Amino acid sequence: MKIFIDGKYLDERDAKISVFDHGLLYGDGIFEGIRAYNGRVFKLKQHIDRLFYSAKAILLEIPMSHAELMKATVATIRANKLRDCYVRLIVTRGIGTLGLNPRSCKKPSVIIIAGKIQVYPPELYARGMDIVTVPTVRNLHSALNPAIKSLNYLNNILAKIEANNAGVEEAVMLNGEGFVAECTADNLFIVKNGELFTPPLSAGALYGITRQTVIELAQEAGLKVSEPNLTRYDLFNADECFLTGTGAEIMPVIKIDGRVIGSGKPGVLTRKLVEDYHALTKSSGEPI
Ligand code: PXG
């Protein structure tokens, strides 16, 4: 496997980062998770744009331009002779001294890994997933804005551990006010009376690229989509529920906190959106 680090393509065993990199020492950095399908990188521009927005929010100057990063992403996939893959693009604050002041870090590092990802067991896509609400609330946007895709995922990891402890794969995370925010690496949607609902981004969620894609697909199919604050009650009484993410794609949800959702099977509109999403991933994107 060839890994891009600061302009060089290195073999996996030589692809190393300093223990003094503040990405490791403090989680000071940002990342993107991108996918390629059928020889095309899906929504590449949107991912690179979001990386720059995350960088802006943490005052990190990425030492490459949008165009250079897009090119390097495609080139890394090509160097690994992949057509369907997962790309992890990381920008760390770089090497500094012990002590969290980012001023000691002179140059951010850019890392691009092209590999594979399977975030959930494959059989769950047909059966649908059982999820639970967990005690760990999503980061407050006044503390660490969930829109920043930072290298510090402990908030989400704690929620994931709580879900796993409850015997399920995924957690619903509420915000400080008790409204639904998102899951640990996915946005959440419900269907009620033929309309689609997803929490507003201000409820404390990543500005999901799959979320946006699904909103557009639903609107093209003539569905009404709105973004009101949602409570657990709204989820329990939904006709359908599903999660969206680059890694997860679209995952149907059939049970939440022991309440069966709709018929207890992946819903009709969910299945249509899955189909439309797969068709789009196969036919659009930046050629590799
Ligand atoms: N919320 C959070 C907290 C995320 O991390 C999403 C929502 C969905 O966003 P996108 O833009 O992907 O639709 C994410 C995305 C991984 C991995 O390695 C994580 C994500 C995406 C891809 C891979 O676990 N998180």
Sequence ranges 215-221, 178-184, ranked by mean other-Cβ count within 10 angstrom, highest first: 178-184, 215-221
By average C-beta atoms within 10 angstrom, highest first, the peptides 78-89, 249-260: 249-260, 78-89
Stokes-Einstein translational diffusion, the chain - Kirkwood Rh over all Cα pairs, 1.306 mPa s, 10 °C, in µm²/s: 81
Accessible area in square angstrom per residue, region 150-250, 1.4 angstrom probe: 38
Loop GluC sites (Glu not before Pro), region 1-100, which have at most 15 other Cβ atoms in a 10 Å radius of their Cβ (DSSP): 61
Separation in nanometres of the label points that stand 7 Å from Cα toward Cβ, at residue 16 and residue 88: 1.8
Region 118-263: C-alpha pair distances exceeding 24 Å, %: 23
Computed accessible area, residue 40, all protein chains, 1.4 angstrom probe, square angstrom: 80
Of 43/224; 149/192; 224/282; 149/265; 16/116; 45/265, those spanning more than 28 Å from alpha-carbon to alpha-carbon: 149/192; 149/265; 45/265
Tail weight of P(r) past 19 Å, computed on alpha-carbon pairs of region 2-115, percent: 44
Label point distance in nm, residue 117-residue 66, each placed 7 Å from Cα along Cα→Cβ: 2.2
Shape of region 1-67, Cα gyration tensor, a/c cut at 1.5: oblate
Region 32-191: relative contact order as a whole-number percent, Cα under 8 Å and 6+ apart: 18
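The values are calculated or read from the model by the stated rules, or taken from the named source; none is laboratory data. Note that this is a predicted model, so its numbers are computed, not measured. Neighbour counts are summed over all protein chains in view; Cβ atoms, including those assigned to glycine, are modelled from backbone coordinates with ideal geometry. Remember, those area values only see protein heavy atoms, side chains included, never the ligands or the DNA or RNA. Shrake-Rupley method; radii C 1.70, N 1.55, O 1.52, S 1.80 Å.
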